[in-house]
Amino acid sequence: MRASSTVFLHRRLLRMGTWFVYLIECRGASFYTGIATDVDRRYAMHVAGKGARYTRAHPPQQLLARFEFPDRSAASRAEYAIKQLGAAQKRALCAGTWLPEFLGGPGSLTFGTALGTSPAPAGSRT
């Protein structure tokens, strides 16, 4: 098998294999959400300053959560949905006290009252 065929096959298997959405708490209490097939390796890259531009500017403090998906497409959709959540919702998701519908949960928790915190103002970075 030629090297180019091996690379193509490897990339195809990565697209078809298990993917994860992960959340990192960064300096300044902000969150970074990403997708990867190997979360531990990707987190190590973020810590080493070789990950995303955001985590180079806001160094990671800890890996908060990871969620498994059957393929890259499903992981990408979940990543987008998580990025739309407010900070309180992301904290509840990572703490395991809330699971949104797109992750198989009821998704009906009202934030502000149930967690004793107010929702993040519109347009704030989380």
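Points to keep in mind about this one:
- Helices (runs of 4 or more DSSP H) enclosed by the stretch 9-91 - at least 1 residues per element that are at pLDDT 95 or above and under 28 Å from GLY104 (Cα atoms): 39-47, 72-83
- Qualifying residue in the stretch 102-111 (condition: among the aliphatic types (A, V, I, L, M) and at pLDDT below 95): yes
The values are calculated or read from the model by the stated rules, or taken from the named source; none is laboratory data. These numbers were taken from a predicted model, which means no experiment stands behind them.
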